[in-house]
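Here the structure comes first, spelled out in structure tokens, and everything after it is commentary.
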Amino acid sequence: MIYKLILLGKINIKKREMYRKTNHFRLTDPRVVTCSQELDLLLNRYQEIDRKRHLQSRTSSQNIAHPEVSHKVSLKQFLTFI
């Protein structure tokens, strides 16, 4: 649980960094793309923690594993969300 909170903090910092970079550079600028990829990695880690926790709770109660559902968000969608 502590790791998840730390990860959320890192995600929020990376979001702000990316937002600042998009104000100064184009979306295709390597600095923005690199920041976006770093944010993706953090978000994927967070989602993996939630997925594992969800699967563990479901399998312990039902003893059945469910397939993972992945939600991809484009850079433009993400930036409008912030």
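For segment 1-40, what is the accessible area per residue in Å² when the probe is 1.4 Å? Write out the running numbers ahead of the final one.
Numbers: 2900 Å² over 40 residues.
That works out to 72 Å² per residue.
Between K4 and R53, what length comes free when the chain is fully extended (0.36 nm per residue of separation minus the Cα-Cα distance, one decimal in nm)? Please report the intermediate quantities before stating the final value.
Details: separation 49, 0.36 × 49 = 17.64 nm, distance 1.14 nm.
Gain on stretching K4 to R53: 16.5 nm.
The values are calculated or read from the model by the stated rules, or taken from the named source; none is laboratory data. Quick caveat: nothing in here was measured; it's all calculated off a predicted structure. Remember, those area values only see protein heavy atoms, side chains included, never the ligands or the DNA or RNA. Shrake-Rupley method; radii C 1.70, N 1.55, O 1.52, S 1.80 Å.
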